[in-house]
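The structure under discussion appears below in the form of C-alpha cells.
The values are calculated or read from the model by the stated rules, or taken from the named source; none is laboratory data. As the structure is a prediction and not an experimental result, all values here were calculated from the model. Here the Cβ positions follow ideal geometry from the backbone for every residue, glycine too, while neighbour counts run over all protein chains shown. For the accessible areas, the whole protein counts, side chains as well, though only heavy atoms, and no ligand, DNA or RNA atoms are used. Shrake-Rupley method; radii C 1.70, N 1.55, O 1.52, S 1.80 Å.
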Amino acid sequence: MICRKCNSPGTLIIRKEYCYCDECFIFMINHKFRACLGKNKTLSANEKILICLSGDACSTVLLDLVYNAISLNNHKKLRVVPYVLYIIETVADNEKISNSIIEQCKSYGFPLTITNINEYNKNFFSNKEETESQNSYNSKSILSNVTSSIHRDVMMKIKQNIFLKISKELDCNTVFTAETTTSLATKLLSNIVIGRGSQIENDIGFADKRDRDTRILRPLRDITNEEIEHYIQIKEIKPAKAMHNKLNETSLQSVIKNFVMDLQENYPATISTICKTADKIGSITNNINKKKCVVCQSNLDNNDLNLTAVDATVFSRKVSLRQSGESKYNEDSQNIEENNLMFPFIYQSLCYCCSRNMSELGNNKIKQ
Ligand SMILES: [Zn+2]
Ligand SMILES: [Zn+2]
C-alpha cells in the first residue's frame, strides 16, 4: 500500500484500485472541486453564491470545500461570497439537526438562512377545499395519496423552486448544490424512467440554466460518494444527517439508487461513465422565447406533428372509456392540448412529468 502521489505509506484505496495517503487524498478532492469550477469558468469575482445544505455528508463536505477554496492565498483562491440555505422538510429535521447546522455555519463564518418547506407549499399548491389551516399545506398530508416515486419528484421540484426564490431574495445569481457523481448517476437513470428524459441536460449537467437570472451549479459532480465518505472520516467532519446509502422504500428512484450503489461497490468505474453520457446528451433547442413548464421551467417544445407516447396513452384511454352504443369518438373535441384528466395542462403550462404528477395529486393541484 503505497500512495500513488507521494510514495509514502497509503491509508485508503479508491475504486478498489487507487491508493492514497490522507494528505494527498484531501488535496486531490479539493483540487477536483476547484478544477470543476475552474474549467467551467462561470463565476465572476466576488459573486454571491447560495449553498444549499441538506445536512447530509455531501452538502457538509461542500461547505468545507468552499471554505478551503476561499481561504487559499494563491491564484487558485475562489473569489466568492458564500451564503447558506437549509430547508426544514420533516418533523425529523428537529432542533438537534438545525442546531448542528447553525454551529457548522458559525464555525465557517457563513451566513445561514433556515426556512420551512411547508411555508412554500401554499405558493405551490392550491387546495380545492380552500382550507386555510396550516395543516392543509403540510407536504406530508398533500402528498399522502401519491406514489413514493411521484412524492420524491414533486419534493425535488418544490425544493428547486425554493432555492431559486431564496437566491433572488439574497441577491445571489448562483446556487451550489451538493450532487455527487453517484447521486447524479441515480438521477439520470431516474429521469429517464419517470419521463424527464428530455430534461437531462439541465438536471444532470454541471449547470442548470433553466431560470433566466439564477444558475444552479453542481461543483461536486466529479466526486463520488465513496470519496465523500473517506473525506468526512479523515477530516472528522460530523454531518447533521447520516448518509443513507441503501433505501428501503419502494419508489423507482430508490430502486435505481440501490442499483447504482451496487454498481459503485462492484464496478466503480461505471458510475462516472453514466454521468459522462449525460454530457453528450445536449439539446439543440435554445432557451430563448420558449414556452416553459411552470413547475420545473423546462421547455415545452415536444409537441410537434409526430405522434408521441402521450398521444397513444390518451387515445387508448379514450377508447377504453367509450360507452357501449356510442357510434364514434369525437376526435375533434378532445385535442391533446386541451385539459384532459390524464394529462392536465400538458404542453400548455406543464411538461409531461409535471402534468402526470398533477393528475395524481387529486384535490391539491399545482398552481398555474
Ligand atoms: Zn501521499
Ligand atoms: Zn415540468
Is at least one residue of segment 217-240 in contact (Cβ under 8 Å) with a residue 12 or more places away in the chain and assigned to a strand (DSSP E or B)? yes
Only one residue in 78, 12 is away from ligand 1 (no atom under 16 Å from the Cβ) and surrounded by 13 or more Cβ atoms within 10 Å (Cβ to Cβ), so which one is that? 78
Here are 97, 102, 29: which of them is of a type in the set (Val, Ile, Thr), farther than 18 Å from residue 241 by Cα and more than 20 Å from the chain's Cα centre (by Cα)? 29
Residues satisfying the stated conditions in segment 87-99, i.e. at pLDDT 80 or above, buried (at least 16 other Cβ atoms within 10 Å of the Cβ) and of a type outside the set (A, V, I, L, M): 89, 98
Subset of segment 39-55, residues at pLDDT 90 or above and surrounded by fewer than 18 Cβ atoms within 10 Å (Cβ to Cβ), comes to 46, 47, 48
Can you work out which of the residues in segment 15-26 that are more than 10 Å from ligand 1 (Cβ to nearest atom) and among the charged types (D, E, K, R) is farthest from the chain's Cα centre (by Cα)? 17
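Conditions tested, residue by residue: (1) at pLDDT below 70; (2) assigned to a helix (DSSP H, G or I); (3) within 16 Å of ligand 1 (Cβ to nearest atom).
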position	(1), (2), (3)
278	no, yes, no
297	no, no, no
305	yes, no, no
334	yes, no, no
Only residues that are farther than 17 Å from residue 178 by Cβ and outside any loop (DSSP other than H, G, I, E, B): list them for segment 89-113, please. 95, 96, 98, 99, 102, 103, 106, 107
Of all residues in segment 173-191, which are within 15 Å of residue 251 (Cβ to Cβ) and open to solvent by 20 Å² or more (accessible area, probe 1.4 Å)? 183, 187, 189
List the number of the failed condition for residue 218; all other conditions in (1) touching a Lys or Arg at 6+ places or on another chain (Cβ under 6 Å); (2) within 30 Å of residue 13 (Cβ to Cβ); (3) basic (Lys, Arg) hold. (1)
The lone condition residue 286 fails out of (1) modelled with pLDDT of 75 or more; (2) within 18 Å of residue 207 (Cβ to Cβ); (3) not assigned by TED's automatic domain parsing to the domain that holds residue 212 is (1)
Going through segment 90-103 in order, the residues found to be out of contact with any Gly (no Cβ under 8 Å at 6 or more places or on another chain), under 20 Å from residue 238 (Cβ atoms) and not aliphatic (A, V, I, L, M) are 94, 95, 96, 98, 99, 103
Evaluate segment 183-190: report whether one residue or more is closer than 25 Å to residue 101 by Cβ and hydrophobic (A, V, I, L, M, F, W, C). yes
If residue 260 meets every condition in (1) over 30 Å from residue 145 (Cβ atoms); (2) open to solvent by less than 20 Å² (accessible area, probe 1.4 Å); (3) in contact with a Leu (Cβ under 8 Å, 6 or more places away or on another chain) apart from one, which number is that one? (1)
